[in-house]
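Just below is one structure, and these are the notes that go with it.
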Amino acid sequence: MLQSMTGFGSASIDSELGKISIDIKSLNSKTLDLNYSLNPMFRNIESDIRSILTTGLKRGKIDFKINFKIFENSFSSSLNHDVIKSYIKDLKEITPGTLIDDAELLKIAVTLPNSIENNRSEFDQKLLESVKELVKKTIKKVTDFRVQEGKSMELDLVGNIDTIQKKLLDIEELVPERMSLIKKRLNKKLESLKIEVDQNRFEQELIYYLEKIDINEEIVRLKNHLNYFKTTLNESQIEKGKKLTFISQEMGREINTIGSKSNNLPMQQLVVEMKNELEKIKEQLLNVL
């Protein structure tokens, strides 16, 4: 199954802390390129998020955004009476005889460390687990999107390969006629020189020349590359884009060699048409995972 690198997914939950929503957008890239837009509250779990994204999405330019709307009653808190009393006592000792009353000292004390207790540490753990699950859920939606895109791309790629195979069959049918025409053309040029030649030597040179421009090996290799491309499309592995790109490069080499050796107008026209299909394949493969 083929996967595109283009995808989008969003998901949200109402946790005990507040509404958490995640958006992930994926575009094609040679590597994994992660871009974050995180609420400051989530900076401490950035490494966890990155690990999940790396494992789930493999490759692509990934834009990740998480929003968190806190409920008013998310963080319950209580005064730490013992600590506040201790602060007030110490403040009175260092400000003897001043006009600061107990109310003012209380205002100062509650702003000092550990004066107010809250359940934030417990909420942080709940938040971490909620976000992890939500990231995974969003990645699943992105992957589903990628798979749907991949199905369309696979149909196009198979169509392009089929077209190249048909053009290659047309070239094969032209091979005997091509060799015959080359022999006739060489003989005609030789006759136009009106000189005597060693017929045996001429036959040897002709065989050497025909072997040099023979394209049977290139045709066989191109057939193998085309079949290998289709086989790779059906493999179970997820990441196929780079492998398919390498195969398409080998296909291009054989097509170019056939074109340079052909010395035959109908063949060269077929080569141009094969190159056109190959360019379509390469363009598609830029977006294959």
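Just so it is clear, none of the values below were taken in a lab; they were calculated from the coordinates. Everything numeric in this text was worked out from a predicted model, so none of it was measured. Positions of Cβ are generated from backbone atoms using ideal geometry, with glycine treated the same way; all protein chains shown enter the neighbour counts.
Considering amide H positions built from the backbone, and no H for Pro or chain starts, which residues 5 or more places from SER29, or on another chain, come under 5 Å of its amide H?
GLY60, LYS61
Sort SER236, SER248, SER4 by Cβ crowding within 10 Å, fewest neighbours at the top. Provide the component values of the computation, followed by the final result.
On the way: SER236 6, SER248 20, SER4 24.
The fewest-first ordering by Cβ neighbours comes to SER236, SER248, SER4.
So who's got an amide H within less than 5 Å of the one on LEU34, skipping anything under 5 residues away but keeping other chains? H placed 1.01 Å off N, in plane.
Excluding prolines and chain starts, which carry no amide H, the hits are ILE62.
For every other residue with a beta carbon closer than 12 angstrom to the beta carbon of LEU157, add +1 if it is Lys or Arg and -1 if Asp or Glu, then tell me the sum. Walk me through the numbers on the way to the answer.
Working: positive: LYS151, LYS230, LYS240, LYS280, LYS282; negative: GLU154, ASP156, ASP162, GLU277, GLU283.
Result for the local shell: 0.
Quick check on the exposure proxy: order GLU235, GLU250, GLU149 from fewest to most C-beta atoms within 10 angstrom.
The order, fewest Cβ neighbours first, is GLU235, GLU250, GLU149.
Using the count of nearby Cβ atoms within 10 Å as a rough guide to exposure, how do VAL175, VAL271 rank from fewest to most?
Values: VAL175 16, VAL271 22.
Ascending Cβ contact count within 10 Å gives the list VAL175, VAL271.
In the structure shown, do any of LYS30/LYS132; LYS19/LYS136; LYS166/LYS230; LYS151/LYS243; LYS25/LYS137; LYS69/LYS132 have a Cα-Cα gap over 20 Å, and if so which? Could the numbers behind the result be given before it?
Working: LYS30/LYS132 26 Å; LYS19/LYS136 17 Å; LYS166/LYS230 15 Å; LYS151/LYS243 18 Å; LYS25/LYS137 14 Å; LYS69/LYS132 17 Å.
Table pairs above 20 Å Cα-Cα are LYS30/LYS132.
Under the Karplus relation 6.51 cos²θ - 1.76 cosθ + 1.60, θ = phi - 60°, what is the ordered set of whole-Hz ³J(HN,Hα) values for region 261-273, x standing for Gly and Pro?
So the Karplus estimates, Gly and Pro as x, are 8, 4, 6, 8, 4, x, 5, 5, 5, 5, 4, 4, 5 Hz.
Output ³J(HN,Hα) for region 160-166: one whole-Hz value per residue in order, computed from phi by the Karplus curve 6.51 cos²θ - 1.76 cosθ + 1.60 with θ = phi - 60°, and x for Gly and Pro.
Computed from phi, the couplings for region 160-166 are 5, 5, 4, 5, 4, 4, 5 Hz.
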